[in-house]
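Okay, structure first, notes after.
The values are calculated or read from the model by the stated rules, or taken from the named source; none is laboratory data. Bear in mind that the values here come from a model prediction, so they are computed numbers and not experimental data. Please note: Cβ atoms are built from the backbone with ideal geometry, for glycine as well, and neighbour counts cover all protein chains shown. The protein model used for the area step is the full one, side chains on, heavy atoms only, and it has no ligands, DNA or RNA in it. Shrake-Rupley method; radii C 1.70, N 1.55, O 1.52, S 1.80 Å.
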Amino acid sequence: MELRSMSDALQFHAQLLKGGTQTHDAPRKLSNLFTFAALSPAGDLSYARLLLRSIPCPNSYYYNTIIRAYSRSPDPRHPFHALSLFLSMPQPDNFTYPFLLKCLARLKLTPQAKQIHALISKTGFAEDLYIQNALIHMYSEFGELEFARQVFDRMPHRDVVSWTSMIDGLVNADRPIDALALFDAMLKAGIHVNDATVMSVLRACAETGALSVGNKVHMIVKEKRLHTKPNVGTALVDMYAKSGCLESARNVFDNVLDKDVFVWTAMISAFASHGMCQEAIHMFAEMETCRIEPDEKTMTAVLSACRNAGLVNEAYMFLNDVLKRYGIEPTIQHFGCVVDLLARAGRLKEAEDFINTMPIKPDAVLWRTLIWACKLHGDTDRAERLMKHLKLRWRTADDDSGSYILASNVYASAGKWNNKAEVRELMNRKGLTKPPGSSRIEVDGTVCEFSMGDYNHPEAEKIYDKLNQIVDEIRKEGYNPRVSEVLLEMDDEDKAVQLLHHSEKLALAYGLIRNSEGSKIRIVKNLRSCGDCHEFMKLVSKICQREVIVRDRVRFHHFKNGECSCKDYW
């Protein structure tokens with residue numbers, strides 16, 4: 001009897017009981033019934049658990065099947081049930097541990113997981129490929145990359161899952177450069193990639209701007225005929241967009257068959273981040289024409305387009321549509337786009353009123369956005385008054401370093417050095433530090449990362465010589481360092497040196513040294529670029545006749561012939 005529903009299963013179970021459980025094929029029938037109840041989408045896991053309890057001496061298959069079902073279940077309680085069931089098992093085997101480790105990964109129970117790992121070694125299963133892959137995944141989920149790498153490095157044989165799990169773990173741990181190096185080693189080892197590998201590596205390329213690696217992955221995708229699949233297409237669109245190649249992103253998008261909301265959203269977001277905001281809005285309209293329902297990320301992308309172009313009326317319209325037209329509950333990101341838009345436009349009171357009348361509680365990021373804009377527009381009185389919202393959070397949010405840094409900068413710009421010192425002292429007491437700025441550039445297929453004042457690069461001397469040469473040339477074009485942006489108590493000459501050593505300027509100099517004449521220079525910055533670096537890039541693009549593409553924390557800046565695509569709005 002073919003089981004298609006629990007109604008069929010119950011009828012089958014009744015027949016099995018009526019016919020007796022001692023017949024020669026009864027164990028096979030019971031096993032089929034149990035497997036259907038535990039693993040089929042039409043089954044019932046609680047019924048499978050009742051079946052398990054009714055079996056006098058269940059073998060490991062029954063236990064393993066339930067643990068496997070728990071590992072696949074979205075119910076947050078089920079991983080705990082899996083661990084409890086494992087502890088009651090008379091004899092776990094090599095099929096038990098992969099599913100159990102998956103449950104432990106969801107539970108984030110690091111000490112217990114390490115005890116299970118020790119048990120695996122003790123019982124002789126440490127060399128099992130599937131268990132080793134599960135261990136890599138589990139430790140990666142914990143953020144224990146050193147343990148994951150130890151398992152990986154000790155494996156005598158690795159399959160595509162082993163490599164992909166380790167690469168994915170590195171990407172999730174914000175180590176994309178290491179992930180790309182491991183991917184290169186994977187290809188050299190002759191391992192054929194699968195969909196999951198492609199997705200992980202493309203994320204690493206997107207994070208670092210590693211365009212040459214992304215192109216290589218795209219070639220592999222075409223060879224495997226994966227480029228028309230929506231999930232792969234979405235990852236490629238995202239990679240090309242974040243690498244500064246909008247035309248390539250559009251070509252990929254156009255070739256995706258059966259476009260879903262995710263690939264549409266990726267393309268809309270790509271246009272928005274590159275400042276092509278009308279194109280983003282037009283694409284959203286085209287998406288609606290194709291009867292694709294937007295989700296909350298789609299609306300964030302559309303509102304980001306409005307923010308980047310200064311389209312206040314359109315932003316209000318789309319925000320109103322989020323709930324009323326599309327039935328999507330507005331998120332803090334939706335409101336944040338509007339606050340950023342109003343604040344940047346200098347409509348500070350309107351932005352403050354907007355925050356105070358929001359239907360959800362504003363977070364520190366929204367207040368920081370408005371306070372930063374007050375500083376930008378010279379409204380220090382409003383900035384200082386609004387900082388009470390951040391100070392209230394300091395009593396509970398000990399890890400909110402961004403709020404302290406902003407408060408410190410506001411006081412410094414107002415010349416209140418004692419207040420700034422108090423904030424810095426409070427940061428020191430709480431062990432908080434400012435996230436370091438860094439910039440990445442790809443040269444000859446290798447991603448290089450620079451930090452401010454970085455002398456660790458083997459070509460550091462050449463880089464700084466090139467920087468000094470550039471400064472001499474752009475001074476003739478009117479460049480004057482914006483020393484007011486350095487909010488430290490030092491003389492202007494030292495401030496100018498600080499500005500010159502910003503990470504994106506070091507990356508730019510290295511790109512001018514190493515990249516071929518006339519080629520585009522692509523830089524990825526982890527923070528928002530300062531005004532001085534923005535002016536610097538404009539002048540360099542003019543005197544060197546090079547297009548410089550910088551992606552900062554907010555958007556892309558395309559510098560060409562002394563102008564920026566943001567029209568100095570950002």
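Is it true that Met138 is over 26 Å from Ala210 (Cβ atoms) and either part of a helix (DSSP H, G or I) or touching an Asp or Glu at 6+ places or on another chain (Cβ under 9 Å) (or both)? Outline the logic, then answer.
Values: over 26 Å from Ala210 (Cβ atoms): yes; either part of a helix (DSSP H, G or I) or touching an Asp or Glu at 6+ places or on another chain (Cβ under 9 Å) (or both): yes.
Spelling it out, Met138 is indeed over 26 Å from Ala210 (Cβ atoms) and either part of a helix (DSSP H, G or I) or touching an Asp or Glu at 6+ places or on another chain (Cβ under 9 Å) (or both).
One residue stands out in region 458-486 among those that are open to solvent by less than 30 Å² (accessible area, probe 1.4 Å) and in a loop (DSSP other than H, G, I, E, B): the one that is farthest from Asp178 (Cα to Cα), namely Tyr479. Scanning region 308-340 for residues that are open to solvent by 40 Å² or more (accessible area, probe 1.4 Å) and touching a Cys at 6+ places or on another chain (Cβ under 6 Å) yields a count of 2.
It is to be established whether one or more residues within region 435-447 are touching a Phe, Trp or Tyr at 6+ places or on another chain (Cβ under 8 Å) and charged (D, E, K, R). Break it down stepwise before answering.
The first filter runs over region 435-447 and keeps only residues touching a Phe, Trp or Tyr at 6+ places or on another chain (Cβ under 8 Å), leaving 438-441, 443.
Remaining after also requiring charged (D, E, K, R): 440.
Checking region 435-447: at least one residue is touching a Phe, Trp or Tyr at 6+ places or on another chain (Cβ under 8 Å) and charged (D, E, K, R).
Does at least one position in region 115-133 carry a residue that is assigned to a helix (DSSP H, G or I), out of contact with any Asp or Glu (no Cβ under 7 Å at 6 or more places or on another chain), polar (S, T, N, Q) and more than 30 Å from Asp184 (Cβ to Cβ)? Even if it seems obvious, please write down each step before you answer.
Our first condition is that a residue be assigned to a helix (DSSP H, G or I); within region 115-133, this holds for 115-122, 129-133.
From what's left, out of contact with any Asp or Glu (no Cβ under 7 Å at 6 or more places or on another chain): 115-122, 130-133.
Among the residues that remain, those that are also polar (S, T, N, Q) are: 115, 121, 132-133.
When the remaining residues are screened for being more than 30 Å from Asp184 (Cβ to Cβ), the result is 115, 121.
There is at least one residue in region 115-133 that is assigned to a helix (DSSP H, G or I), out of contact with any Asp or Glu (no Cβ under 7 Å at 6 or more places or on another chain), polar (S, T, N, Q) and more than 30 Å from Asp184 (Cβ to Cβ).
Residues considered: Glu517, Glu493, Glu504. Of these, the only one that is surrounded by fewer than 17 Cβ atoms within 10 Å (Cβ to Cβ) and in a helix (DSSP H, G or I) is Glu493.
Tell me, which helices (runs of 4 or more DSSP H) lie completely within region 191-254 with 1 or more residues that are modelled with pLDDT of 95 or more and hydroxyl-bearing (Ser, Thr, Tyr)? Walk me through it before giving the result.
Details: elements: 195-208, 211-223, 230-242.
Those helices (runs of 4 or more DSSP H) span 195-208, 230-242.
Here is a check on your reading of the model: is Thr265 part of a helix (DSSP H, G or I) and polar (S, T, N, Q)? For Thr265, the condition - part of a helix (DSSP H, G or I) and polar (S, T, N, Q) - is met. Scanning region 547-568 for residues that are open to solvent by 70 Å² or more (accessible area, probe 1.4 Å) and over 25 Å from the mean Cα position of the chain (by Cα) yields Lys560, Asn561, Glu563, Lys567, Asp568.
When each of Glu146, Glu141, Glu207 is tested for being free of Cβ contacts under 8 Å to residues at least 24 places away in the same chain and either of a type in the set (D, E, K, R) or under 23 Å from Phe95 (Cβ atoms) (or both), the lone residue that passes is Glu146.
Could you run through region 218-249 and say how many residues are of a type in the set (Val, Ile, Thr) and free of Cβ contacts under 8 Å to residues at least 24 places away in the same chain?
Just the residues of region 218-249 that are of a type in the set (Val, Ile, Thr), to begin with: 220-221, 228, 232, 234, 237.
Within this subset, residues satisfying the condition of being free of Cβ contacts under 8 Å to residues at least 24 places away in the same chain are 221.
Qualifying residue count for the region: 1.
Considering region 6-52, and only residues there that are among the basic types (Lys, Arg) and at pLDDT below 90, the residue that is farthest from Ala82 (Cα to Cα) turns out to be Lys18.
Each row is one residue, and each column tells you yes or no for (1) over 28 Å from Ala126 (Cα atoms); (2) out of contact with any Pro (no Cβ under 8 Å at 6 or more places or on another chain); (3) in a helix (DSSP H, G or I); (4) open to solvent by less than 30 Å² (accessible area, probe 1.4 Å).
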{"position": "Ala14", "(1), (2), (3), (4)": "yes, yes, yes, no"}
{"position": "Leu33", "(1), (2), (3), (4)": "yes, yes, yes, yes"}
{"position": "Leu51", "(1), (2), (3), (4)": "yes, yes, yes, yes"}
{"position": "Pro56", "(1), (2), (3), (4)": "yes, yes, no, no"}
{"position": "Asn64", "(1), (2), (3), (4)": "no, yes, yes, yes"}
{"position": "Asn94", "(1), (2), (3), (4)": "no, yes, no, no"}
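Would you confirm whether any residue within region 379-395 is assigned to a helix (DSSP H, G or I), modelled with pLDDT of 85 or more, among the charged types (D, E, K, R) and within 16 Å of Arg344 (Cα to Cα)? Yes - at least one qualifying residue is present in region 379-395. Across region 250-285, the qualifying residues are those that are closer than 17 Å to Glu314 by Cα and free of Cβ contacts under 8 Å to residues at least 12 places away in the same chain, and the one among them that is least open to solvent (accessible area, probe 1.4 Å) is Ala285.
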